[in-house]
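Please treat every number below as a calculation from the coordinates, not as lab data. Computed from a predicted structure; not experimentally measured. Cβ sites come from the backbone with ideal geometry, for glycine too, and all protein chains shown count toward neighbours.
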């Protein structure tokens, strides 16, 4: 279990209320650029929330005019030492570093609860990698999305090129990656990359929190099953996915949550469900 104090973070602020965890990127003066501490804190926070069953849904947003300027230059500077020494060992270390960076965003997919991201202003470089790993994306009218790495002489390597093909048309992805141009919010909505565009950040957060609140009223077991199945189906064919669904349902489909949902509907009240069990340390 990640040993991290949620009240003593360098790059994030976290609040948990009514089964909703709200994680905010909290360095607006630096455009919420992703410094080394961010890459450690984000996966640790997300996994702590999951492992301790502290929430049923996670909302990620940021403070300031822009969501994030992407990877901070200090990360590139610290990587300079990796381009020294014997070639094979240098390459092995670089590969391991990239895998560690990828794991920071894999955490958003790995946790049992849905992750919603609410973005405004610039969503640049590594920030695009990040939001691709979320379950749903929402933005303000002034938001724009940029695969900045190409313009910087490198290939995006933390998830954008692997996840975007499942989220928007291939031709558009290739254009955005090859040119590095900005994609405005209207285009992001049109191609299905974001679910909804809001007038401004307050309206967006209000709207996304309403969606999160609705998710939080449902059985966490049922919602976790939805996420597991959707993610599995993305990476497998229909036949394999149906077989996995049947296997999952044979063990996970139990009557207490169904009975509670039906009783709550009849009594016109909000259903009350048990939380998912906490994960064992180190699992």
Condition (residue is over 13 Å from residue 222 (Cα atoms), in contact with a helix residue (DSSP H, G or I) (Cβ under 7 Å, 6 or more places away or on another chain) and surrounded by 10 or more Cβ atoms within 10 Å (Cβ to Cβ)) applied to region 257-266: is it met by at least one residue?
no
Suppose we filter 229, 221, 245 for residues that are under 27 Å from residue 60 (Cβ atoms), over 18 Å from the mean Cα position of the chain (by Cα) and in a helix (DSSP H, G or I); which single one remains?
221
